[in-house]
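Everything below concerns the one structure shown next.
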There are 2 protein chains.
Amino acid sequence: MTLTGNMLIGRQAVAGRGTAIRAIDPATGAVLEPAYPGGSPAQVEQACTLAWEAFTAYRETSPAARAAFLDTIAEEVEALGDALIERAVAETGLPLARLQGERGRTCQQLRTFARTLRAGEWLDVRVDSAQPQRQPLPRPDLRQHQVALGPVAVFGASNFPLAFSVAGGDTASALAAGCPVVVKAHVAHPGTSEWVGRAVARAVERCAMPEGVFSLLYGAGHEVGIALVSDPRIKAVGFTGSRSGGLALCQAAQARPEPIPVYAEMSAINPVFLFPAALHARSEALAEGFVASLTQGAGQFCTNPGLLIAQRGEALDAFIAAATGQLEKSPAQTMLTPGIFDAFASSVGALARHAKVRRVASGQPGDGPNRCQAQLFVTEADAFLADPALQAEIFGAAGLIVQCRGAGQVRAIAEHLEGQLTATLHLDEADHDAARALLPTLELKAGRVLVNGWPTGVEVCDAMVHGGPFPATSDARSTSVGTAAIQRFLRPVCYQGFPDALLPTALRQGNPLQLRRLLDGQREA
Amino acid sequence: MTLTGNMLIGRQAVAGRGTAIRAIDPATGAVLEPAYPGGSPAQVEQACTLAWEAFTAYRETSPAARAAFLDTIAEEVEALGDALIERAVAETGLPLARLQGERGRTCQQLRTFARTLRAGEWLDVRVDSAQPQRQPLPRPDLRQHQVALGPVAVFGASNFPLAFSVAGGDTASALAAGCPVVVKAHVAHPGTSEWVGRAVARAVERCAMPEGVFSLLYGAGHEVGIALVSDPRIKAVGFTGSRSGGLALCQAAQARPEPIPVYAEMSAINPVFLFPAALHARSEALAEGFVASLTQGAGQFCTNPGLLIAQRGEALDAFIAAATGQLEKSPAQTMLTPGIFDAFASSVGALARHAKVRRVASGQPGDGPNRCQAQLFVTEADAFLADPALQAEIFGAAGLIVQCRGAGQVRAIAEHLEGQLTATLHLDEADHDAARALLPTLELKAGRVLVNGWPTGVEVCDAMVHGGPFPATSDARSTSVGTAAIQRFLRPVCYQGFPDALLPTALRQGNPLQLRRLLDGQREA
């Protein structure tokens, strides 16, 4: 089997009729075959039409059938074997082991949504029984559950070519909810996308799912993405990427005659707060943990800890010295794309030239193109508070340490921050009171708050929140990782006075799906 | 006690510094005292500042404390006695009994949210326990619950001066969620708003809630509302009203540096489908039910059944004849405001002049100003499908019957409809197959689907959905009536690796609130 450069529109593998993209191996700069011609407006429309047609049948499939479908996608992704990983390495410059791990995570994610579907909590079934004798008016029988929103446009992310791309978290949660998916592949890894797309297509066929439940498009510029989000048959959008990209999609979605929800995970600097007792007790260990988290994967994570806040003093000096030592040893790593490398180099250069910022460490220089040389900067709280530009995300392994004169300035920094995906606290028992004073602020700023851990590494589970207030995401009420992500693609419908024979299965009197319903105000055991 | 014309900004009763409004008794046209000067930009800002300051303490109050607060608001509203109802009658032209009923509903709604708070399901607690031995990486302890979004701007609705105004559903659900509320009173009933506002203020004092948890503003034009929605301290908006008003608020909310969610319940014509067997069996009873629902409260309900769809034939002719007879007997009723009456008269006039629409009945003429004379029109499916203007909402007792040539046209109408709050089916057992074919379409169009009932009368309960796809609302994922309405003002936060002492109460190891948590994938009994 070889890569073809074809899009997948429903059951058809077809060449795009628009401008072609080609992947680049960022480790060498080599251009990779084949070419991936982008979708024409008619091809985008065709994918959306098929998705809409598939929606009728797909949303009526049983949770068990969709669970089997997700499990089958996982199997088919695994069956791609080394070809997938080799292409992903070539297209992203990410290490083999990381991509093998990411494939495991992607398949586990699909299977987690399968389990979630079978458990049925996501249907949120509520029943208020009829009270025909009630005065002054009888109460009718009322039942509520969640139904699928409609076809979803999913945008592949540059930094997770598997776990947040063609069969990643957005696709898995949308398919779980009963929504067909049209994926716009990320320009940086079309080959990886084609492999995974073909795996999904095989699962569609094996599970006899309706044609159009999945399509995969390429596109060079913004046209395909904007056309997709503007198509009236698309009812929601999942996106992980830059702030400007996310905001452009939000704008397109709002400009439609019928606006639709956009779940865009956009930018964060993921502040880390070091409290005095912890910093005093273990500045070296903290420095080691910080640099490891900061430089992991060349810092190309949404949850990369780009900002560290602590009070001035000997302990912080020791931390900075240790972090400097660690970071200077850190090897250069290939970044995902030449564009990402250029943006990193330019942002780091601007920060280094900033009058109020001091560079304290640089990692090992690179020996090839697109190599990320890690960077560590220090500034003062006053300077940070005075210049909003200092909290702009730098995508890559660059950290800024903010030195504060006291707890009051630490708090001022916390209050000054934009919305974040995560906020991290390192503390000992003696720091509890100080942490308790800061937590209410952080809870309003971030989707996830960590104690004595590092924000990179996002667990796929029920309790995860990978989200947060604007501009971390466009919708703080949601998460894009974890089982609650399914809720993004659902809406409630109430059925009043229905005969049992016409009710959706989940709502029938006999509770055939054996759900724990909210029945007359009580949760069923 | 008399009305003062004062706004309530936190603990202060203050006169507005902007243009004044005065209520008009729509039954007589008389202008009512006192004048209600509108808020100045500085006063709007002051209310928002106080709300933000209150948020810190208010969101940390226990669910039990907020429940007691809501119960106290209900008590204080009841303690207003006849003065409230008399003023509401004068300001709205609504009958005494209706307003007494609406007061009961309003207080029941507050108490329902109090019960919901105590039950704790709304916190959606999820716990994934640490797995320190897991390979290749240990799993940290992860816990999730819901936290309040922040201060909420609530806009009073013209047609529910009590149940969807100052202490109505939006206010009750926002306060339940832990969000301070700044209410912009509807211009049509400032006196009713002042009475209820004072009741809420007394409850704030009795329950020792922080100042600023509630403020009440007046305003003549759009300025106060737009200023409120644009204020950076406001984090969500609840609105019930016109499509143009709702869309203007959505636009203002999206134009902010930090966009915020708007829950606008805007417009619907609430289609009713009469199936052949039911229509044949009981055309007269259906006609009676339809006209009763259409004319109730002069048709001034969001869920008023403004559209009726059925197949042509003798049974429909009999239905139309019976409905005509019923409607012609229906007495004229005072509408809420001169503006609403003028809009109704103008829309009805335009429909009567429409080349493809036939007026079949008019209700009794009025004997004073602003009297709604009910109207019934008939058109053909082809005409309805050809002219989108025919599905514009007419706020008031005006119904349009669409005659179809067969089941295919009925389905075409259903597919042609915009998003709706409700869709209603009247059917007998012989109609089940036909209904089953239509239900998937209706489920995508409406928030609530009814069988053999009428859409007016919206139960406040767990299973209710008063919402629906655009343009029925600006956010189909939510409901503005029923206990699920609290979810609009919440967002999830995840706590990773927290020592028990720093966790929010709901998430502590010992489960002190005795919640049924989702613990390691299983719902606790």
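List the number of the failed condition for residue A:514; all other conditions in (1) facing another protein chain (nearest Cβ under 7 Å); (2) surrounded by fewer than 20 Cβ atoms within 10 Å (Cβ to Cβ); (3) not in a helix (DSSP H, G or I) hold.
Going through the list (1) facing another protein chain (nearest Cβ under 7 Å); (2) surrounded by fewer than 20 Cβ atoms within 10 Å (Cβ to Cβ); (3) not in a helix (DSSP H, G or I), residue A:514 breaks only (1).
Each row is one residue, and each column tells you yes or no for (1) in contact with a Pro (Cβ under 9 Å, 6 or more places away or on another chain); (2) over 23 Å from residue A:104 (Cα atoms).
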{"residue": "A:173", "(1), (2)": "no, no"}
{"residue": "A:183", "(1), (2)": "no, no"}
{"residue": "A:186", "(1), (2)": "yes, no"}
{"residue": "A:199", "(1), (2)": "no, no"}
{"residue": "A:202", "(1), (2)": "no, no"}
{"residue": "A:208", "(1), (2)": "no, yes"}
{"residue": "A:216", "(1), (2)": "no, no"}
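Before we move on, is residue A:102 part of a helix (DSSP H, G or I) and modelled with pLDDT of 95 or more?
It is true that residue A:102 is part of a helix (DSSP H, G or I) and modelled with pLDDT of 95 or more.
So in the stretch A:493-511, with the set limited to residues that are more than 16 Å from residue B:436 (Cβ to Cβ) and surrounded by fewer than 16 Cβ atoms within 10 Å (Cβ to Cβ), which one is farthest from the other protein chains (Cβ to nearest Cβ)?
Per the criteria, the residue is A:510.
Taking only the stretch A:129-154 into account, find how many residues are assigned to a strand (DSSP E or B) and crowded, with 24+ Cβ neighbours inside 10 Å.
Selection size over the stretch A:129-154: 8.
Hey, could you check the stretch A:429-484 for residues that are hydrophobic (A, V, I, L, M, F, W, C), facing chain B (nearest Cβ under 7 Å) and within 12 Å of the chain's Cα centre (by Cα) and say which is surrounded by the most Cβ atoms within 10 Å (Cβ to Cβ)?
Step by step, filter the stretch A:429-484, then rank; the result is A:465.
Does the stretch A:503-523 contain any residue that is among the acidic types (Asp, Glu), in contact (Cβ under 8 Å) with a residue 12 or more places away in the chain and closer than 30 Å to residue A:140 by Cβ?
Checked against the condition, which is being among the acidic types (Asp, Glu), in contact (Cβ under 8 Å) with a residue 12 or more places away in the chain and closer than 30 Å to residue A:140 by Cβ, the stretch A:503-523 yields at least one hit.
Tally time: how many residues in the stretch A:376-393 are in contact with a Ser or Thr (Cβ under 7 Å, 6 or more places away or on another chain) and either among the charged types (D, E, K, R) or surrounded by fewer than 19 Cβ atoms within 10 Å (Cβ to Cβ) (or both)?
Here the count works out to 1.
List pairs: first residue in the stretch B:177-200 and more than 22 Å from residue B:489 (Cα to Cα), second residue modelled with pLDDT under 95 and surrounded by fewer than 24 Cβ atoms within 10 Å (Cβ to Cβ) anywhere in the structure, Cβ distance under 8 angstrom, at least six positions apart or on different chains.
From residues that are more than 22 Å from residue B:489 (Cα to Cα), the pairs are B:187/B:220.
Does residue B:27 count as outside any strand (DSSP E or B) and over 18 Å from residue B:153 (Cα atoms)?
Against the criterion (outside any strand (DSSP E or B) and over 18 Å from residue B:153 (Cα atoms)), residue B:27 qualifies.
So residue A:396 passes all but one of these: (1) on the phi < 0 side of the Ramachandran plot; (2) within 29 Å of the chain's Cα centre (by Cα); (3) surrounded by 21 or more Cβ atoms within 10 Å (Cβ to Cβ). Which condition number does it fail?
Condition (1) is where residue A:396 drops out.
Could you count how many residues in the stretch B:230-248 are surrounded by fewer than 24 Cβ atoms within 10 Å (Cβ to Cβ) and more than 13 Å from every other protein chain (Cβ to nearest Cβ)?
Counting residues in the stretch B:230-248 that are surrounded by fewer than 24 Cβ atoms within 10 Å (Cβ to Cβ) and more than 13 Å from every other protein chain (Cβ to nearest Cβ) gives 7.
Does the stretch A:473-490 contain at least one residue that is at positive phi and touching a residue at least 40 places away in the same chain (Cβ under 8 Å)?
Taking every residue of the stretch A:473-490 in turn, none turns out to be at positive phi and touching a residue at least 40 places away in the same chain (Cβ under 8 Å).
Name the residue that is nearest to residue A:524 (Cα to Cα), counting only residues in the stretch B:121-148 that are in contact with a helix residue (DSSP H, G or I) (Cβ under 7 Å, 6 or more places away or on another chain) and more than 10 Å from chain A (Cβ to nearest Cβ).
Of everything passing the filter in the stretch B:121-148, B:122 is nearest to residue A:524 (Cα to Cα).
Looking at the structure I just gave you, is residue A:120 surrounded by 15 or more Cβ atoms within 10 Å (Cβ to Cβ) and without any contact (Cβ under 8 Å) to a residue 60 or more places away in the chain?
Spelling it out, it is not the case that residue A:120 is surrounded by 15 or more Cβ atoms within 10 Å (Cβ to Cβ) and without any contact (Cβ under 8 Å) to a residue 60 or more places away in the chain.
Do we have any residue at all in the stretch B:195-208 that's farther than 30 Å from residue B:30 by Cα and in a loop (DSSP other than H, G, I, E, B)?
Among the residues of the stretch B:195-208, at least one is farther than 30 Å from residue B:30 by Cα and in a loop (DSSP other than H, G, I, E, B), which makes the answer yes.
Where the second residue is surrounded by fewer than 24 Cβ atoms within 10 Å (Cβ to Cβ) and the first is of a type in the set (Lys, Arg) and lies in the stretch B:300-324, which pairs have Cβ atoms under 6 Å and are six or more apart or on separate chains?
B:312/B:403
Looking only at residues that are under 13 Å from residue B:28 (Cα atoms) and touching a strand residue (DSSP E or B) at 6+ places or on another chain (Cβ under 9 Å) in the stretch B:85-105, which one is surrounded by the most Cβ atoms within 10 Å (Cβ to Cβ)?
B:92
In the list B:282, B:256, which residue meets the criterion of being modelled with pLDDT of 95 or more and either more than 14 Å from chain A (Cβ to nearest Cβ) or buried (at least 23 other Cβ atoms within 10 Å of the Cβ) (or both)?
Selected residue: B:282, the only one of B:282, B:256 that is modelled with pLDDT of 95 or more and either more than 14 Å from chain A (Cβ to nearest Cβ) or buried (at least 23 other Cβ atoms within 10 Å of the Cβ) (or both).
Out of all the residues in the stretch B:365-374, is one or more part of a loop (DSSP other than H, G, I, E, B), among the polar types (S, T, N, Q) and within 11 Å of chain A (Cβ to nearest Cβ)?
Checking the stretch B:365-374: not a single residue is part of a loop (DSSP other than H, G, I, E, B), among the polar types (S, T, N, Q) and within 11 Å of chain A (Cβ to nearest Cβ).
Out of contact with any Gly (no Cβ under 6 Å at 6 or more places or on another chain), within 14 Å of another protein chain (Cβ to nearest Cβ), crowded, with 24+ Cβ neighbours inside 10 Å and not in a helix (DSSP H, G or I) - does that describe any residue in the stretch A:402-423?
Yes, the conditions are met somewhere in the stretch A:402-423.
Just give me the residues in the stretch B:84-99 being part of a helix (DSSP H, G or I) and in contact (Cβ under 8 Å) with a residue 24 or more places away in the chain, in sequence order.
Residues satisfying the conditions are B:84, B:87, B:88, B:90, B:91, B:92, B:98, B:99.
Kindly establish whether residue B:490 is closer than 20 Å to residue B:154 by Cβ, surrounded by 18 or more Cβ atoms within 10 Å (Cβ to Cβ), of a type outside the set (Asp, Glu) and at the interface with chain A (Cβ under 9 Å from one of its Cβ atoms).
yes
As an exercise: evaluate residue A:510 against (1) over 23 Å from residue B:461 (Cα atoms); (2) outside the structural domain of residue A:180 (by TED's automatic domain parsing); (3) out of contact with any Gly (no Cβ under 8 Å at 6 or more places or on another chain) and give the number of the one condition it does not meet.
Of everything listed in (1) over 23 Å from residue B:461 (Cα atoms); (2) outside the structural domain of residue A:180 (by TED's automatic domain parsing); (3) out of contact with any Gly (no Cβ under 8 Å at 6 or more places or on another chain), residue A:510 misses just condition (1).
Say we look at the stretch A:227-261 and pick out the residues that are among the hydrophobic types (A, V, I, L, M, F, W, C) and in a loop (DSSP other than H, G, I, E, B); which of these is farthest from residue A:43 (Cα to Cα)?
Among those that are among the hydrophobic types (A, V, I, L, M, F, W, C) and in a loop (DSSP other than H, G, I, E, B), it is A:260.
What number of residues within the stretch B:296-335 are surrounded by fewer than 24 Cβ atoms within 10 Å (Cβ to Cβ) and at positive phi?
2
Please state which one of A:224, A:213, A:182 is of a type in the set (Val, Ile, Thr), in contact with a strand residue (DSSP E or B) (Cβ under 9 Å, 6 or more places away or on another chain) and more than 29 Å from residue B:468 (Cβ to Cβ).
Being of a type in the set (Val, Ile, Thr), in contact with a strand residue (DSSP E or B) (Cβ under 9 Å, 6 or more places away or on another chain) and more than 29 Å from residue B:468 (Cβ to Cβ) holds for just one of A:224, A:213, A:182, which is A:224.
When residues of the stretch A:95-146 are filtered for being under 21 Å from residue B:447 (Cβ atoms) and hydroxyl-bearing (Ser, Thr, Tyr), how many remain?
1
The values are calculated or read from the model by the stated rules, or taken from the named source; none is laboratory data. The shown structure was predicted, so the numbers you read here are calculated from the model rather than taken from an experiment. No Cβ is skipped: glycine too gets one built from the backbone with ideal geometry, and neighbour counts run over all protein chains shown.
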